[in-house]
Every structure is written in C-alpha cells, then in structure tokens.
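The values are calculated or read from the model by the stated rules, or taken from the named source; none is laboratory data. Predicted, not measured: the structure shown is a model, and the values here were computed from it. Counting neighbours? That spans all protein chains shown, and the Cβs are built from the backbone with ideal geometry, glycine included.
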Amino acid sequence: MAATCDESIAAVDPAGAAARRRRPRDRRRPPAPSPPPPPTPQRISSEELEEALRHHILDREQMFQMGYPLDADPHSNKAVMYVSKRPRRPQPLYTWDVNAPEFVPGGSQSDSGRGSWGSTPRSDSDEEADTVKHECVRCEKPFRMTRDGEYLVEESCTYHWGRFTDGRYTCCPTVVGSRGCTVARNHVWSGTKAGMHGPLDGYVRARSPRGGVYAIDAEMCYTTAGMELASIAVVAADGRTVYKTLVKPNSPVVDHNTRFSGIRPRDLARATKTLRDVQNDILGFVGTDTILIGHALENDLRVLKLIHFAVVDTCAMYPHPRGLPMRRALRTLCEDVLGRSVQCGGGGHSPVEDARAALDLALVKVHQERAQRMRLTHHHHHHVLHLQPYDPLVSAA
C-alpha cells in the first residue's frame, strides 16, 4: 500500500521528483551536541568543608617551598620568606650591533648611551651607593631606581604579556624568542628577588581561633616599591561575598596592571582604605584556625602582609605534572575541572570570580574524595568474607 501511494505521487508530480533527484545530497553529518557544562559543585556546610580540607592544609615545609611568608619568631609580627628563581623567558632573536653609533663599549643596557655625550661615566660603586638595581618582571631587562623610587633612566618596556607554551606565546602568534608585542611606559619589579627575605616588618597575624572557611583573592598593581595590594575579595563557603574593597597603595603607582588586575586609575582614585585598614578588617573574622583557600595564595598573603598557616592552595591540590616551581594556571584548571571559563574578559580579572573559582575547585576535590571513599567502602562490603562464629557442637558433628 505504501509503495502504491509513493508511485502515484511520483506520477502526478514528475517535475518535482526530477528536481529532488537533481538536488545534491548534504552528506555532512550534523554536529554532535556538545556536552552540557558540569554544574557548580554542590555546596556543603562550612563545618563539613573545614573537616574535609584539613588534610589539604599546607605544612610549613610546603609553605616555605612555595614562597609563603612565615613567622621569623612566634612572638613577633616579622616575616621571612624564600622566593625561588623564576623560570627564564625565551630571549628575543635580535642582537646588539657593536658598530651602531649608540653602542657604548662596556656600558650597561640601561645607560641609554650616556657615555656618547662625552660625560664622565660614574663608577659602579658610586652608582650603587644611591640606586638599587632591579630586574623587570615583564621583559627581564635590568634597570635602576633611586632609593626614593625614581627611575634613573626613563625607558619603555617591550614584552609579551602572555604565557609561553609549546614554543609560542599566548598573547600573539609569534614564535619563541620574538620581540615583545606590547609596549609599556616603564619597567616594573615585583618587590622581591630570588633568595631569602627577612625579617620583614609590617606583617600581621591572628592570635585567637575563630573557625570557618573562606576563599580569598587579591589583585595587585605595580608601584615604585614593587607589587602592592589594589583590591581584594573574600568569599564564604556558601559562595557569598563577605568582603570586597579597593585599596589605596602606600607608594606611587607605576603601572595599574589593568590587563590582569582590572584596576584603572579612576578606581584607585576613589579608594579610601589602606593596607592597614584591610588587615584590621580581615583579622576581624579570620582566626588562627580559619582555613583560607586560594590559587597561588602566597602572592595574596605577601601583598596583604598576613602570616597565616591554615591555608589550602589549589596549586598544590592540582599540581603541575613537572612539579614546583611550575604551576597550572587558574584559567586552565577551571576549564579542565569545572568546565567553565574565567579571566576571559578584556577588563581584567575579577577577585570575586577568582575566589569563587578557587572555592569551587576545592569543592570538586572534596566531592571526588568522598565519592572515592564511598566506592572503596562499597567494594569492601561486597568482597568481605562473612565468617560464622565458631560452634563446638557443629564442628564436632
């Protein structure tokens, strides 16, 4: 019956059938539906999370290796910390031309040809007496500043702002060793150099227990004194923002680091809180046993000038395959573990978003460990031998 109906339709409309035969078939397969992103990890109570995270708290040896500020003395607020040497970036492919007119034999790269004007060059001992030599954290070029924070020579900084992976930079399509794709007005430094530091003043610490779990993230800007706190956000175990503020740096700002910090000059212009204000606020709800969660949390505690030992770092929770000092980026971890993107806007990072991301990464790890324990328990119950108690009468029979 079905064949008869089909034949009658073809007979009535032969032109339409011919047109259908001439129409090329679309042999492309429809795109497979993308799997839905995993939902936000289920929240648990602060008490449950606190208990589940205890074995993830870093010990002092781990904190030392990762560069956390540690107490120089249990009864003081002075800190010491060890800063490991940063992996070197690939150097640009260009070389110096010794025949160029601006080349000064024996001169440093930062003297900008001062000797070519016929002036008597200052000796290294004279220069080092009233200036400090730094290395730019962006282009790794040395530069000098006076002890009052003024540049000895104004010089622009050409650098790659992206990470270097698989022989290329993430900021531009250039290859290893290429000249930077971004130009900044000045060189900048982090405020620390490789090696031991301390005793350092200005640090604070909690003195009494308060309990609780919080995720924390700070954004920094570059000042004449290095990196300083510019904004901070604290998130509770249930994801609520419990503290957020802009911070006025103590030293003059050299670069607002907007691409990463999201901080603009107009933001800091309306900032009223100082670092000391923020320290007092934080210690109002953070006690000695309060667990702080963060990603590369040592950087946040450094600019906060906070000594704290109950810390959970997602860099240690999800270690890099090559080990320290290599670390997985927060953005990569969120894509791989949470199935969501962070730090992808053009306006810089959001401390609230980054703090919640660190909290969710910790929650995922906790839920994974719980599920693994349940599977092991279930497996054990199914494979255990159920032995009967010894009965002498039954055995004798």
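Would you check which residues across segment 194-222 are buried (at least 21 other Cβ atoms within 10 Å of the Cβ) and either assigned to a loop (DSSP other than H, G, I, E, B) or out of contact with any Lys or Arg (no Cβ under 8 Å at 6 or more places or on another chain) (or both) and list them? Please lay out each step first, then the result.
Within segment 194-222, the subset buried (at least 21 other Cβ atoms within 10 Å of the Cβ) is 203, 213-222.
Within segment 194-222, Y203, V213, Y214, I216, D217, A218, E219, M220, C221, Y222 qualify.
Taking the conditions exactly as written (of a type in the set (V, I, T) and farther than 23 Å from G191 by Cβ), does T274 satisfy them or not?
no
Out of curiosity, is P37 in a loop (DSSP other than H, G, I, E, B), surrounded by fewer than 16 Cβ atoms within 10 Å (Cβ to Cβ), at pLDDT 80 or above and not aromatic (F, W, Y)?
So P37 fails the test.
If we keep just the residues of segment 223-271 that are part of a strand (DSSP E or B) and of a type in the set (S, T, Y), which is surrounded by the most Cβ atoms within 10 Å (Cβ to Cβ)?
Among residues in segment 223-271 that are part of a strand (DSSP E or B) and of a type in the set (S, T, Y), the one surrounded by the most Cβ atoms within 10 Å (Cβ to Cβ) is S231.
What are the pairs with Cβ atoms under 7 angstrom where one residue, in segment 191-209, is assigned by TED's automatic domain parsing to the domain that holds A310 and the other, located anywhere, is at pLDDT below 90 and acidic (D, E)? Sequence gap at least six, or different chains.
Hits for this filter: zero, empty list.
Please work out which residue is surrounded by the most Cβ atoms within 10 Å (Cβ to Cβ), limiting yourself to segment 138-186 and to residues that are touching a residue at least 60 places away in the same chain (Cβ under 8 Å) and touching a strand residue (DSSP E or B) at 6+ places or on another chain (Cβ under 6 Å).
If we take residues in segment 138-186 being touching a residue at least 60 places away in the same chain (Cβ under 8 Å) and touching a strand residue (DSSP E or B) at 6+ places or on another chain (Cβ under 6 Å), then H160 is surrounded by the most Cβ atoms within 10 Å (Cβ to Cβ).
For a quick check of your reading: which helices (runs of 4 or more DSSP H) sit entirely within segment 291-376 and have at least 1 residues that are at pLDDT 95 or above and over 20 Å from D281 (Cα atoms)?
Result: 314-317.
Scan D300, D277 and give me the residue that is over 14 Å from the mean Cα position of the chain (by Cα) and acidic (D, E).
D277
Kindly state which strands (runs of 3 or more DSSP E) lie completely within segment 74-193 and contain at least 2 residues that are of a type in the set (V, I, T) and modelled with pLDDT of 70 or more. Full working, then the answer.
Details: elements: 79-83, 131-135, 142-146, 157-159, 182-184.
Result: 79-83, 131-135, 182-184.
Whether any residue in segment 272-286 is assigned by TED's automatic domain parsing to the domain that holds A72, more than 25 Å from S76 (Cα to Cα) and in a loop (DSSP other than H, G, I, E, B) is what I want to check.
For segment 272-286, residues assigned by TED's automatic domain parsing to the domain that holds A72, more than 25 Å from S76 (Cα to Cα) and in a loop (DSSP other than H, G, I, E, B): present.
Would a scan of segment 325-332 turn up a residue that is surrounded by fewer than 17 Cβ atoms within 10 Å (Cβ to Cβ), more than 12 Å from the chain's Cα centre (by Cα) and over 28 Å from P249 (Cβ atoms)?
Within segment 325-332, not a single residue is surrounded by fewer than 17 Cβ atoms within 10 Å (Cβ to Cβ), more than 12 Å from the chain's Cα centre (by Cα) and over 28 Å from P249 (Cβ atoms).
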